[in-house]
Amino acid sequence: MVAHAADYTVTLSNVHLCCNSCVQDAEDAVGPVTGASASPDKASHSIKITAPDRATAQKAVDALTAAGYYGQPSDAGIHLAQTSAPNSNVQSLKVSGVHLCCKKCVNAVNQAVTKVKGVTGTTAAKDAESYEILGNFNAKDVINALNAAGFSAKVE
């Protein structure tokens with residue numbers, strides 16, 4: 001079989017996609033990556049990336065991560081950026097870059113991080129560019145909880 005443009009696909013699973021705005025924002029995040037497209041599926045919480053090659057697909061995944069999305073790639077050759085966070089307890093952690101387009105996103109973030117031992121609350125709000133997580137908790141555990149819930153974050 002002869003390879004054609006857009007023959008490479010990778011699917012990110014366990015991505016937070018709770019509403020049509022999440023879906024549209026994911027598509028928009030990949031839009032500037034020449035040759036790549038995103039097909040988010042809200043029902044399965046997955047995003048299928050179609051690209052001419054793995055390198056272009058990686059750029060699309062990087063764009064999704066920068067837009068606040070996180071998931072498990074179907075191809076082990078695709079890597080999601082890992083947020084550096086101290087593996088120690090903190091009383092406050094400011095994060096940015098988390099996709100928070102609606103109240104459902106905010107609720108999902110709050111549910112994910114408050115499961116971490118010692119977290120007492122957050123200042124997360126719809127469309128916030130950054131917010132704080134409060135309590136006495138392990139910073140790395142919070143980032144891992146956000147990733148497991150389908151969100152990417154940057155520690156400020």
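Bear in mind that the values in this text are calculations on the coordinates, not laboratory data. Note that the structure is a prediction, hence the values are computed from the model and not measured. Neighbour counts are summed over all protein chains in view; Cβ atoms, including those assigned to glycine, are modelled from backbone coordinates with ideal geometry.
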Original post:
Say the cut-off is 25 Å between C-alpha atoms; which of Lys59/Lys126; Lys59/Lys104; Lys104/Lys154 go over it?
Top reply: Lys59/Lys126; Lys59/Lys104
Original post:
To one decimal place, what orientation-averaged projected area in nm² is obtained for the convex hull of the Cα set of segment 8-73?
Top reply: 3.5 nm²
Original post:
If you average the sequence gap of Cα pairs under 8 Å that are 6 or more apart and divide by the length of the chain, what percent do you get for the contact order?
Top reply: 25 percent
Subject >> Between helix 20-30 and the chain: long-axis angle, C-alpha atoms, 0 to 90°, nearest 10 >> reply: 60 degrees
Subject >> Derived scalar couplings ³J(HN,Hα) [segment 14-19; Karplus, 6.51 cos²θ - 1.76 cosθ + 1.60; whole Hz; x for Gly, Pro] >> reply: 6, 8, 6, 9, 9, 8
Original post:
Residue by residue through segment 119-133, which ³J(HN,Hα) values in whole Hz follow from phi under the Karplus form 6.51 cos²θ - 1.76 cosθ + 1.60 (θ = phi - 60°), with glycine and proline marked x?
Top reply: 6, 10, x, 9, 10, 4, 8, 3, 6, 5, 7, 8, 7, 10, 10
**OP:** Collect residues whose amide H, placed 1.01 Å from N in the peptide plane, falls under 5 Å from the amide H of Leu100; neighbours closer than 5 in sequence don't count.
**Re:** Asp127
**OP:** Compute the FRET efficiency between Asn136 and Ser13 as 1/(1 + (r/R0)^6), taking r as their Cβ-Cβ distance and R0 = 41 Å, and round to the nearest 0.05.
**Re:** 0.80
**OP:** Would you kindly derive the ³J(HN,Hα) couplings of segment 68-76 from the backbone phi angles with the Karplus curve 6.51 cos²θ - 1.76 cosθ + 1.60 (θ = phi - 60°), listing them in order in whole Hz, with x for Gly and Pro?
**Re:** x, 9, 8, x, 9, x, 6, 10, 5
Subject >> Isotropically averaged projected area of the chain, using the convex hull of Cα atoms (one quarter of hull area), nm² >> reply: 9.0 nm²
**OP:** Once you have the Cα-Cα distance between Ser74 and Thr123, take 0.36 nm times their residue separation minus that, and quote the gain in nm to one decimal.
**Re:** 14.3 nm
Original post:
Among the aspartates and glutamates, which fall within straight-line cross-link reach of Lys140, defined as a Cα-Cα distance under 17 Å, with same-chain neighbours fewer than 8 residues apart omitted?
Top reply: Glu132, Glu156
